[in-house]
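First the structure, in the form of structure tokens, and then the observations on it.
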Amino acid sequence: MSVAPHVQLLDGVARSLRRRPVPPSAVGASLALAGHIAARAWTRRSSEPVLRRAILQAGFAEAALRTLGRAGMFRRGDAFYPLFLLPDFHGPHFDEALRRLLLPGRGPFVAHLAVTGACPCRCTYCYADAGGRDAPDLGDERVLDVARAIAREWVPLISLGGGEPLARFTRLVALVEILAPRSEVRLATSGVGMSSERAAHLRRAGLSVVAVSLDSDDAARVNSSRGYRGAFDAAVTALGASANAGLITFVTAVVDRATFDSQREVTRFLRFVRSIHPEILVNFLPKFATGRAASYGGFQSPDQYAPVARRIADAIVRGSFRATVFLQ
């Protein structure tokens with residue numbers, strides 16, 4: 001079946017618009033968002049009601065731009081995230097996630113599933129109090145049954161964590177295979193246990209995103225806060241392996257009162273991450289005084305965290321880094 005020349009032309013324009021980054025200027029950012037919305041509407045033109053969805057998406061994207069700024073909007077290939085707490089804008093799950101976010105009674109738009117409580121690290125801010133390879137464990141079938149139940153409910157976005165999910169790699173792959181057909185699946189990891197072969201295996205299974213914890217470019221500091229001698233090297237290896245496998249790869253950098261106390265320190269860290277792989281993104285999160293963090297430098301309140309967040313935001317903007325920070 002032949003395709004009309006004008007349709008071929010518009011398909012090519014849509015593919016180009018889907019790959020547009022969000023520029024720093026307010027006008028340019030709005031135009032880039034309009035391009036993403038138009039491209040998505042065109043590629044889904046046969047579905048109904050396209051116009052109503054496009055209007056809803058435009059309102060959401062503009063609100064996200066005003067709230068997070070262009071630094072909070074990421075593009076990688078055809079994938080685009082105007083808000084990283086939702087699935088890929090161009091993927092099959094964004095519309096349902098947005099409906100569930102805005103409309104009550106439709107079920108959760110995101111779920112987090114702990115693959116295991118086992119973990120070689122003893123991170124100072126671990127909310128799960130995980131640690132040790134012999135931690136209590138539900139076993140493969142119980143965890144996989146939970147995953148099948150989640151899959152039946154079509155939760156648009158699912159994060160797999162732990163403990164350290166790579167400590168149960170066979171189980172992790174099985175979970176991704178169960179969940180990926182109906183959800184965008186992400187992996188939250190310390191990086192311990194990741195390799196190039198494992199990253200490629202997880203991508204083939206359907207994994208979309210890997211988020212690796214790394215809070216400093218100082219190896220000794222990272223190893224100390226993780227309670228694991230090889231934590232820094234493991235995180236760096238995991239970041240490179242994931243990015244090279246074509247997975248969307250994030251650094252999750254947890255900020256406490258002892259880190260990122262100057263723009264210079266923030267900039268040095270972001271440059272270090274960029275040296276691992278230029279496509280890696282960074283998401284800064286605050287360590288509040290809960291769980292283990294109550295005894296290890298967590299912020300007592302959002303007001304205590306706010307000046308540090310503004311310092312990080314300034315460094316991101318000045319250096320045009322692929323990073324975001326939550327200001328609240």
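The values are calculated or read from the model by the stated rules, or taken from the named source; none is laboratory data. Keep in mind it's a predicted model, so treat the numbers as computed, not measured. Note: ideal-geometry Cβ built from the backbone for every residue, glycine included; neighbour counts use all protein chains shown. Accessible surface areas use protein heavy atoms only, side chains included; no ligands, DNA or RNA. Shrake-Rupley method; radii C 1.70, N 1.55, O 1.52, S 1.80 Å.
I want to make sure I understand the PRE zone here: with the label point 7 angstrom from the Cα of Arg15 toward its beta carbon, which residues in the stretch 21-59 have backbone N atoms less than 14 Å away? Zone members listed by number: 43. Global dimensions of the chain from alpha-carbon coordinates: Rg and Dmax equal 20.2, 67 Å. Think of it this way: in the chain, Cys119, Cys121 stand alone, with no other Cys Cβ under 4.7 Å.
Across every direction, the projection of the convex hull enclosing the Cα atoms of the stretch 85-226 has a mean area of 9.3 nm². Here the chain exposes an accessible surface that is 55 percent carbon and sulfur, computed with a 1.4 Å probe and the other protein chains kept in place.
Between the helical axis of 140-152 and the longest alpha-carbon principal axis of the chain there is an angle of about 30 degrees. Extension gain for the segment Arg44 to Arg106, taken as residue separation times 0.36 nm less the Cα-Cα distance, is 20.0 nm to one decimal.
Excluding ligands, DNA and RNA, the accessible surface per residue across the chain is 48 Å² with a 1.4 Å probe. Label-to-label distance, Glu141 versus Asn244, with points set 7 angstrom from Cα along the beta-carbon direction: 4.0 nm. Shown for the stretch 139-186 is the translational diffusion coefficient from the Stokes-Einstein equation, using the Kirkwood radius over Cα pairs, a temperature of 37 °C and a viscosity of 0.692 mPa s: 307 µm²/s. Can you tell me the 0 to 90 degree angle between the C-alpha axis of helix 302-319 and the longest principal axis of the chain, rounded to 10? Helix 302-319 and the main axis of the chain meet at about 60 degrees. Computed from Cα atoms, the angle from the helix 5-18 axis to the main principal axis of the chain rounds to 20 degrees. The modelled label-to-label distance between Ala149 and Gln263, using points 7 Å beyond Cα along the C-beta direction, is 5.1 nm.
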